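Asker: I have a structure I would like to understand better, so I am pasting it below and will then ask my questions one at a time.
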Amino acid sequence: MIIRRMTNEDLNDIIEIWLSASKEAHHFIPVDYWESKQRDMREVYLPMAETYLIESAAHVRGFVSLVGDDLAALFIDTSRQNQGYGKALLSYVMDLREVLKLRVYEENQRAIRFYLKNGFEVYEDSLDHDTGQKEQILIWSKNKVKRKDSMTASIFQHIDTVFVPTRNIKAAKEWYTGVLGGKIGWESEQGEYQCILFGQTSLTLFSTEEEKYFERKHAMFNFFVPNVEDAYRHLKEHNVRVDTIQEYGATYFTFYDLDDNCLEICSY
């Protein structure tokens, strides 16, 4: 077995492995869904990831992709599973990171058992809004840090979205997708909010004529947290100025840093 960094010449092999393995492992999701994601894999997800593949007899047998500390993908050729390739790739990336996080569909019990056997722990339940499927978030740490003792792992997980004001949301949406290449995510019922996807962190345009938003006093991004109340108490305990918790399609509140910059905490 040889493990090496992916090159552009490997793309076709990797996408073929990903597609066939995804269909087999996720029988509970329509095949058309995976077929429709091939272009995104080629043009968005793989280019943004740190990907390693495993070879034997000069053939690619599987691959693993990292985005920061997120284990974004680990797929093995369906004809070569249960032969140690998955374990070898997982061990390889464990040597590269102190912490690994991943999401697994709840119905994919085979994968969940594999990760639990290899030292991961279930952190929390989640939902994949793209497919409507329940997920489990799993975490592994070299130091076996318990999430109750780790503020980074237990509350602040990633930057969820960046808010950008606009006076013409239609023109702004066309610019962010046409010029910058973002993908359209979701739109609020009244059209005043438009989410544009850029990898893990999205950008949310909001329509306004109020000049105060263009003075950069509105929260320009937020932190996703599993529990807003826990984050609120944590900030209060550290004497951070916070505003009232609000509900509007999500639970959120704003808070302020030492320079009085307005930030936001969000959960949904």
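The values are calculated or read from the model by the stated rules, or taken from the named source; none is laboratory data. Keep in mind that what you see is a predicted model, and the values were worked out from it rather than measured. Here the Cβ is made from the backbone with ideal geometry for all residues, glycine too, and neighbour counts use every protein chain on show. In case anyone asks, the SASA skips ligands and DNA or RNA and just uses the protein heavy atoms, side chains included. Shrake-Rupley method; radii C 1.70, N 1.55, O 1.52, S 1.80 Å.
Asker: Name the residues in region 233-255 that are of a type outside the set (Lys, Arg) and over 28 Å from Gln190 (Cβ atoms), would you?
Answerer: His234, Leu235, Glu237, His238, Asn239, Val240
Asker: Of everything in region 33-57, what is of a type in the set (A, V, I, L, M, F, W, C) and more than 18 Å from Leu96 (Cα to Cα)? Give them in sequence order.
Answerer: Trp34, Met41, Val44, Leu46, Ala57
Asker: Give me the residue from region 182-193 that is more than 19 Å from the chain's Cα centre (by Cα) and within 18 Å of Glu264 (Cβ to Cβ) and, out of that set, most open to solvent (accessible area, probe 1.4 Å).
Answerer: Tyr193
Asker: Is it the case, given these coordinates, that Leu116 is in contact with a strand residue (DSSP E or B) (Cβ under 9 Å, 6 or more places away or on another chain) and more than 18 Å from Val225 (Cα to Cα)?
Answerer: For Leu116, the condition - in contact with a strand residue (DSSP E or B) (Cβ under 9 Å, 6 or more places away or on another chain) and more than 18 Å from Val225 (Cα to Cα) - is met.
Asker: Can you pull out the strands (runs of 3 or more DSSP E) entirely within region 185-249 that have at least 1 residues that are more than 23 Å from Thr131 (Cα to Cα) and either touching a residue at least 24 places away in the same chain (Cβ under 8 Å) or among the charged types (D, E, K, R) (or both)?
Answerer: Output list reads 201-207, 221-224.
Asker: Shifting gears a bit: Is there any pair with a first residue in region 117-129 that is over 18 Å from Asn143 (Cβ atoms) and a second that is surrounded by 15 or more Cβ atoms within 10 Å (Cβ to Cβ) and modelled with pLDDT under 85 whose Cβ atoms are under 7 Å apart and which are 6 or more apart or on different chains, and what are they?
Answerer: Glu124/Pro226
Asker: Just checking, how many residues over region 143-180 are at pLDDT 70 or above, within 21 Å of Val67 (Cα to Cα) and open to solvent by 30 Å² or more (accessible area, probe 1.4 Å)?
Answerer: 4
Okay, residues lined up against (1) open to solvent by less than 90 Å² (accessible area, probe 1.4 Å); (2) among the basic types (Lys, Arg); (3) modelled with pLDDT of 85 or more; (4) more than 15 Å from Ile159 (Cβ to Cβ):
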| position | (1), (2), (3), (4) |
| --- | --- |
| Arg216 | no, yes, no, yes |
| Tyr232 | yes, no, yes, yes |
| Leu235 | yes, no, yes, yes |
| Leu258 | no, no, no, yes |
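Asker: List pairs: first in region 5-21 and within 14 Å of Glu43 (Cα to Cα), second of a type outside the set (A, V, I, L, M) and open to solvent by 40 Å² or more (accessible area, probe 1.4 Å), Cβ under 7 Å, 6+ apart or cross-chain?
Answerer: Taking only residues 6 or more apart or on different chains, the pairs are Leu11/Arg42; Ile15/Gln38; Ile15/Arg42.
Asker: Scanning for something more than 29 Å from Gly68 (Cα to Cα) and out of contact with any strand residue (DSSP E or B) (no Cβ under 7 Å at 6 or more places or on another chain), does region 251-258 turn up at least one residue?
Answerer: Scanning region 251-258 turns up no residue that is more than 29 Å from Gly68 (Cα to Cα) and out of contact with any strand residue (DSSP E or B) (no Cβ under 7 Å at 6 or more places or on another chain).
Asker: Looking only at strands (runs of 3 or more DSSP E) that fall completely inside region 1-117, which ones have 1 or more residues that are aliphatic (A, V, I, L, M), open to solvent by 20 Å² or more (accessible area, probe 1.4 Å) and within 29 Å of His129 (Cβ to Cβ)?
Answerer: Passing ranges, in order: 59-67, 70-76, 99-105.
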